[in-house]
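Q: I have a structure here, written as structure tokens, and I will follow up with some questions on it.
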């Protein structure tokens with residue numbers, strides 16, 4: 001008797017077999033065999049296993065719904081810091097309702113009636129931007145809104161505020177930021193350097 005492989009295992013194997021190739025959400029949905037939770041499994045590969053799976057948030061040439069694993073070696077993953085008690089408190093406080101679209105846990109999702117709403121805990125100010133796991137910085141989000149809301153804040157910093165932060169950073173951190181920007185905008189970087 002063969003043991004059924006989970007969606008995350010199937011996705012990990014597929015990404016590792018296709019390092020450097022852009023894949024879209026339809027392909028990953030089919031590979032996972034988990035029609036409703038495939039995006040969550042991709043997110044777990046990033047956050048829990050440390051695979052640097054890039055999206056349009058990381059590279060300008062990627063369109064929404066496209067994914068790319070450039071390197072098969074995982075980076076150190078973020079630790080899950082939200083306790084079960086805090087999760088339960090936030091879900092109860094938010095009435096088991098997505099705080100972005102109003103979808104209710106367990107009911108058909110208003111944007112995709114083929115699947116029931118599953119709630120997650122999301123940060124209002126993302127941890128990557130200085131947010132913490134205090135309940136005041138947490139809210140209930142459905143799978144669809146949670147995927148779209150990653151690394152968003154209610155108020156984005158202005159260019160002036162970003163420049164102040166960059167100027168205050170150590171030289172090595174500034175170089176890392178420059179590398180990241182060149183990777184994210186390769187065509188614009190080439191055009192800029194060619195013109196100067």
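Bear in mind these aren't lab numbers, they're just calculated from the coordinates by the rules spelled out. In this text the structure is predicted, and so the values were computed from the model without any measurement. Because the Cβ atoms are built from the backbone with ideal geometry, glycine has one as well, and the counts that use them run over all protein chains shown.
Q: According to the square roots a ≥ b ≥ c of the eigenvalues of the Cα gyration tensor, what is the shape class of the range 84-149, taking rounded for a/c under 1.5, prolate for a/b larger than b/c otherwise, and oblate for the remainder?
A: Here the range 84-149 falls in the oblate category.
Q: As a footprinting exposure proxy, order 170, 190 by other Cβ within 10 Å, with the fewest listed first.
A: Ranking 170, 190 by Cβ neighbours within 10 Å, fewest first, gives 170, 190.
Q: With each pseudo-label sitting 7 Å past Cα toward Cβ, what's the residue 9-residue 86 distance in nm, one decimal?
A: With each label placed 7 Å out from Cα toward Cβ, I get 3.1 nm.
Q: Over all Cα pairs of the range 7-69, how is the pair count split among 10 Å bins, expressed in % and running from 0 up to the last occupied bin?
A: 24, 62, 14
Q: If we count other beta carbons within 10 Å of each Cβ, what is the order of 22, 35, fewest first?
A: With the fewest neighbours first, 22, 35 line up as 35, 22.
Q: Over the chain, calculate the relative contact order: mean separation of alpha carbon pairs under 8 Å at least 6 apart, over the residue count, as a percent.
A: Once normalised by length, the contact order is 15 percent.
Q: Which value in nm describes the separation of the simple spin-label points at residue 169 and residue 47, placed 7 Å from the Cα toward the beta carbon?
A: In this crude spin-label approximation the distance works out to 2.3 nm.
Q: What fraction, in whole percent, of alpha-carbon pairs in the chain exceed 22 Å separation?
A: Within the chain, distances greater than 22 Å cover 58 percent of Cα pairs.
Q: Using a Förster radius of 30 Å, what is the FRET efficiency between residue 162 and residue 22 based on their Cβ-Cβ separation? Nearest 0.05, please.
A: The computed FRET efficiency comes out at 0.60.
Q: Okay, moving on. Can you sort 196, 109 so the residue with the fewest Cβ neighbours within 10 Å comes first?
A: Fewest to most other Cβ atoms nearby, the residues stand as 196, 109.
Q: In nanometres, what is the gap between the two model label sites at residue 182 and residue 194, each 7 Å from Cα along Cα-to-Cβ?
A: So the two model labels end up 1.6 nm from each other.
Q: Helix-only estimate, please: 222 nm mean residue ellipticity of the chain, summing -39500 (n - 2.57) across DSSP H runs of length 4 or more and dividing by its residues, to the nearest 500. If you can, show how the numbers build up before the last one.
A: Values: 8 runs with 80 residues, N = 196.
Using -39500 (n - 2.57) per qualifying helix, the result is -12000 deg cm²/dmol.
Q: Taking the Cα centroid of the range 5-24 and of the range 39-78, what is the distance between the two, rounded to the nearest whole Å?
A: Comparing the Cα centres of the range 5-24 and the range 39-78, I get a distance of 11 Å.
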